[in-house]
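Heads up, the thing below is written out as structure tokens.
The values are calculated or read from the model by the stated rules, or taken from the named source; none is laboratory data. Since we're looking at a predicted model, the values are computed, not measured. Cβ placement follows ideal geometry from the backbone for every residue including glycine, while neighbour counts extend to all protein chains displayed.
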Amino acid sequence: MSFFGYPNESLLAKAIREAQEREAQKKALLGSLLASQSPYSPVLLTPVKRKVFISYHHANEEEAENFIDEWTVKNKVFTPLALGVNDDDDFIESDDTDYVISQIRKKYLYTTSVTIVLIGSCTHSRRYVDWEIKASLRQEQFSLPNGLIGIVLSTQGGRAHLPPRFQDNWNSELKDCYARYHSAPTTASQLREWIEDAFNARTTRAKHIKNSVEIMKYNAVCKICRVTH
């Protein structure tokens, strides 16, 4: 590592890296404590922290950073493990959908079990968000899909246009649908409950997944700005 740290690291990438380092330190400390205990000593139970993939439109990076800081650094609800697809990925020009989705799962989702889509005003029109949702919903022989949660960023006043693939997997009655959609959480216990519901949905609601539509080849016209960004 350079003596100057990570000169090209974004604030969001830094927040995620630091959260991962804290989690590793916590596990090492817990291992030391357990090793020093009698096998009959009681162990204090702490809430499960799931590994969560964060999907967002990069125009909302500051808000995504604040979300991660609030719920991983201050409240320690989940462990963020990945940032999203970007223009530097060598698979983005491929016409092979299976290859694209498999690469996203391999490179970005890997050990995560839940995907949170942070929804801002223009998120619904972004092709990379669509790809990340499709990869999250993919069902394979030896792996479960990711649980799927949509959370409207606080600046949206509780409402926003949903990405089309997310919309396919959600309805307001929550009847026979896989995903869940919420306004910004107000407490750690509330967000933890949403994540646990999504984690369990991988087996209890997977039959409702709708994921056959082809990936978006290009960004769509934004319904708010009336242009293609």
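Can you tell me how many residues within segment 87-106 are under 17 Å from Q141 (Cβ atoms) and acidic (D, E)? Working first, answer last.
Step one: list which residues in segment 87-106 are under 17 Å from Q141 (Cβ atoms), which gives 98, 101-102, 105-106.
Among the residues that remain, those that are also acidic (D, E) are: 98.
Selection size over segment 87-106: 1.
Conditions: (1) β-branched (V, I, T); (2) farther than 25 Å from T187 by Cα; (3) exposed (fewer than 15 other Cβ atoms within 10 Å of the Cβ); (4) at pLDDT 90 or above. V129 meets all but one. Number of the miss?
Only one criterion in (1) β-branched (V, I, T); (2) farther than 25 Å from T187 by Cα; (3) exposed (fewer than 15 other Cβ atoms within 10 Å of the Cβ); (4) at pLDDT 90 or above is unmet by V129, namely (3).
Residue check: is W170 without any contact (Cβ under 8 Å) to a residue 60 or more places away in the chain and touching a Phe, Trp or Tyr at 6+ places or on another chain (Cβ under 6 Å)?
Working: without any contact (Cβ under 8 Å) to a residue 60 or more places away in the chain: yes; touching a Phe, Trp or Tyr at 6+ places or on another chain (Cβ under 6 Å): yes.
Yes.
Considering (1) farther than 14 Å from V52 by Cα; (2) part of a loop (DSSP other than H, G, I, E, B), say which one Q167 fails and leave the rest.
(2)
Yes or no, residue by residue, for (1) at negative phi; (2) surrounded by 15 or more Cβ atoms within 10 Å (Cβ to Cβ); (3) part of a loop (DSSP other than H, G, I, E, B):
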position: E173; (1), (2), (3): yes, no, yes
position: C177; (1), (2), (3): yes, yes, yes
position: H182; (1), (2), (3): yes, yes, no
position: N200; (1), (2), (3): yes, no, no
position: K207; (1), (2), (3): yes, no, no
position: K223; (1), (2), (3): yes, no, yes
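Going by the structure shown, is E61 without any contact (Cβ under 8 Å) to a residue 60 or more places away in the chain, crowded, with 17+ Cβ neighbours inside 10 Å and either within 16 Å of the chain's Cα centre (by Cα) or part of a helix (DSSP H, G or I) (or both)? Step through it out loud before you land on a result.
Numbers: without any contact (Cβ under 8 Å) to a residue 60 or more places away in the chain: yes; crowded, with 17+ Cβ neighbours inside 10 Å: no; either within 16 Å of the chain's Cα centre (by Cα) or part of a helix (DSSP H, G or I) (or both): yes.
So E61 fails the test.
So for segment 77-96 (the condition being closer than 18 Å to R202 by Cα, modelled with pLDDT of 95 or more, part of a loop (DSSP other than H, G, I, E, B) and in contact with a strand residue (DSSP E or B) (Cβ under 6 Å, 6 or more places away or on another chain)), does at least one residue qualify? So that I can check it myself, show each step before the final result.
To start, the set of residues in segment 77-96 that are closer than 18 Å to R202 by Cα comprises 78.
Still in the running and modelled with pLDDT of 95 or more: 78.
Applying the additional criterion that residues be part of a loop (DSSP other than H, G, I, E, B) yields 78.
From the residues that got through so far, the ones that are in contact with a strand residue (DSSP E or B) (Cβ under 6 Å, 6 or more places away or on another chain) too are 78.
For segment 77-96, residues closer than 18 Å to R202 by Cα, modelled with pLDDT of 95 or more, part of a loop (DSSP other than H, G, I, E, B) and in contact with a strand residue (DSSP E or B) (Cβ under 6 Å, 6 or more places away or on another chain): present.
With respect to the numbered conditions (1) modelled with pLDDT of 95 or more; (2) over 21 Å from W71 (Cβ atoms), which one is the sole condition not fulfilled by I195?
All conditions are met except number (2).
Regarding T79, is this residue surrounded by fewer than 15 Cβ atoms within 10 Å (Cβ to Cβ), under 16 Å from A198 (Cβ atoms) and within 16 Å of the chain's Cα centre (by Cα)? Working first, answer last.
On the way: surrounded by fewer than 15 Cβ atoms within 10 Å (Cβ to Cβ): no; under 16 Å from A198 (Cβ atoms): yes; within 16 Å of the chain's Cα centre (by Cα): yes.
For T79, the condition - surrounded by fewer than 15 Cβ atoms within 10 Å (Cβ to Cβ), under 16 Å from A198 (Cβ atoms) and within 16 Å of the chain's Cα centre (by Cα) - is not met.
Report yes if F67 is modelled with pLDDT of 90 or more and either surrounded by 15 or more Cβ atoms within 10 Å (Cβ to Cβ) or more than 21 Å from S212 (Cα to Cα) (or both), otherwise no.
Details: modelled with pLDDT of 90 or more: yes; either surrounded by 15 or more Cβ atoms within 10 Å (Cβ to Cβ) or more than 21 Å from S212 (Cα to Cα) (or both): yes.
Against the criterion (modelled with pLDDT of 90 or more and either surrounded by 15 or more Cβ atoms within 10 Å (Cβ to Cβ) or more than 21 Å from S212 (Cα to Cα) (or both)), F67 qualifies.
Quick one: how many residues across segment 135-151 are surrounded by fewer than 22 Cβ atoms within 10 Å (Cβ to Cβ) and more than 16 Å from R50 (Cβ to Cβ)?
5
If the Cβ limit is 6 Å and pairs must be 6+ apart or interchain, which residue in segment 88-102 that is more than 10 Å from I215 (Cα to Cα) pairs with which residue that is surrounded by 11 or more Cβ atoms within 10 Å (Cβ to Cβ)?
F91/V100; F91/Q103; S94/V100
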